[in-house]
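A quick write-up on the structure given underneath.
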Amino acid sequence: MTHIITIDTGTTNTRVTLWQNGEVLAHQACEVGVRDTAITGSREKLQNGVRDTITKTLAAAQVTEEQIDLVIGSGMISSNVGLFELPHVLAPAGLQQLARGMVSVTIPEVFAKPIWFVPGVRNVVDNIGLHNCEAMDMMRGEEVEVMSVIEQMAITGPAMMVMPGSHSKFVCIDDKNRITGCVTTLAGELMYVITHNTILAQSLDSQFATSISEEMLLAGAQSAQTIGLGRTCFNVRTLDQFTIYERNDRANFLLGAILGADLLTLKNSTAIKMMPGTPVVICGKPIMKEALAILIKNDDYFSGKITVVSDETQAHLAGQGAILVATARGLIK
């Protein structure tokens, strides 16, 4: 019987999952992430948060530390503000490259047994300056999620993985199922800030869209691509003041505007090579997935097959992907 702990740390949250022979035994999360290290300059809060979350996870399953065979960490946990800084591997990178890049480190403040860290992936750009900085991008955490989606859905590249969130990622996969590059936007953070911390907060009741309104979504996207994101955002206030459109309609207009700007990135960024016929695989929060699928389907640029990953499939992507990488490394028989 094999017991594995996977740790997935992001900017603001840490998720710990206990696995037994490939099945989830217990799962716990806490609101501690690498932002805490960046703010305080100390890893103490992050170390304590990860340790306590591991302890709670083990307690929930009534499993002891001694019974743990392997601990794997992925995400921002391997960044310069994480528990241990591990260099990105260079694209193109698939399971084998990620496996070779894994490093084992013992951090007594967190766990008695060694933690195997999975590296992130970055684009290859030399002599970065104003002329080419847009071509550079990197990820920590999405690489294991991509590997899990490929495995679970039997995807064979080339494909474009679309992963909306606080920082939306577009990840390019080649015919060998390797990550060849990625591009990041601040879509989710923009959505949050505009909805809660601008003049539009009143027009939106500081709430996101609760259900999809396709007409408003497409109108917002079209507006952003024609007159720009800033002006389109202000039009949310105009819709509130002078029309009969309801709050959820206005929130859809804003969602369409921000995601429409993301599609401009997908078409034009030099960080990835998006071809019109490339199949698109979308995973992430339910309403964001649905919205992006509608926008891509209604955009004449895109002609490839669109696949939306189910909520069930993506429930434990990070942990499943980390286990796949560890298996490729030979750590799991």
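The values are calculated or read from the model by the stated rules, or taken from the named source; none is laboratory data. What you see is a predicted model, and the numbers here were worked out from it, not measured in a lab. Quick reminder, even Gly has a Cβ in these numbers, built from the backbone with ideal geometry, and neighbours come from all protein chains shown. Surface areas here come from the heavy atoms of the whole protein model, side chains and all, with no ligands, DNA or RNA. Shrake-Rupley method; radii C 1.70, N 1.55, O 1.52, S 1.80 Å.
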- Note on the structure: Restricting region 12-30 to residues that are over 16 Å from residue 53 (Cα atoms) and assigned to a loop (DSSP other than H, G, I, E, B), the one least open to solvent (accessible area, probe 1.4 Å) turns out to be 22
- Consider residue 201 against the criteria (1) out of contact with any strand residue (DSSP E or B) (no Cβ under 8 Å at 6 or more places or on another chain); (2) closer than 24 Å to residue 313 by Cβ; (3) of a type outside the set (Lys, Arg); (4) at pLDDT 95 or above: it satisfies all of them except one. Which criterion is unmet? (2)
- Task: Please name all residue pairs, on different chains or six or more residues apart, with Cβ atoms under 7 Å, provided the first residue is in region 63-75 and is part of a helix (DSSP H, G or I) and the second residue is surrounded by 14 or more Cβ atoms within 10 Å (Cβ to Cβ).
- Result: 65/58; 67/3
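Let me confirm something: among 180, 238, 232, 226, which residue is in contact (Cβ under 8 Å) with a residue 12 or more places away in the chain and out of contact with any strand residue (DSSP E or B) (no Cβ under 7 Å at 6 or more places or on another chain)? Lay out the reasoning, then the answer.
On the way: 180 fails: out of contact with any strand residue (DSSP E or B) (no Cβ under 7 Å at 6 or more places or on another chain); 238 fails: in contact (Cβ under 8 Å) with a residue 12 or more places away in the chain; 226 fails: in contact (Cβ under 8 Å) with a residue 12 or more places away in the chain.
Result: 232 is the single residue among 180, 238, 232, 226 that is in contact (Cβ under 8 Å) with a residue 12 or more places away in the chain and out of contact with any strand residue (DSSP E or B) (no Cβ under 7 Å at 6 or more places or on another chain).
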- Item | Elements of type helices (runs of 4 or more DSSP H) contained in region 224-328, each with 2 or more residues being closer than 30 Å to residue 155 by Cα | 247-268, 286-297
- From (1) under 25 Å from residue 301 (Cβ atoms); (2) small (Gly, Ala, Ser); (3) open to solvent by 20 Å² or more (accessible area, probe 1.4 Å), pick out the condition that doesn't hold for residue 211. (1)
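Picking from 129, 141, 120, which residue would you name as being at positive phi and either in contact (Cβ under 8 Å) with a residue 40 or more places away in the chain or surrounded by fewer than 15 Cβ atoms within 10 Å (Cβ to Cβ) (or both)?
Numbers: 129 fails: at positive phi; 120 fails: at positive phi.
Within the list 129, 141, 120, the selection yields 141.
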- Pairs, first open to solvent by 20 Å² or more (accessible area, probe 1.4 Å) in region 149-169, second part of a helix (DSSP H, G or I) and at pLDDT 95 or above, C-beta under 7 Å, six or more apart: 151/324; 155/149
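Okay, residues lined up against (1) β-branched (Val, Ile, Thr); (2) open to solvent by less than 30 Å² (accessible area, probe 1.4 Å); (3) at pLDDT below 95; (4) out of contact with any helix residue (DSSP H, G or I) (no Cβ under 7 Å at 6 or more places or on another chain):
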| position | (1), (2), (3), (4) |
| --- | --- |
| 10 | no, yes, yes, no |
| 32 | yes, yes, yes, no |
| 45 | no, no, yes, no |
| 61 | no, yes, yes, yes |
| 67 | no, no, yes, yes |
| 83 | no, yes, yes, no |
| 89 | yes, yes, no, no |
| 99 | no, yes, no, no |
| 109 | no, no, yes, no |
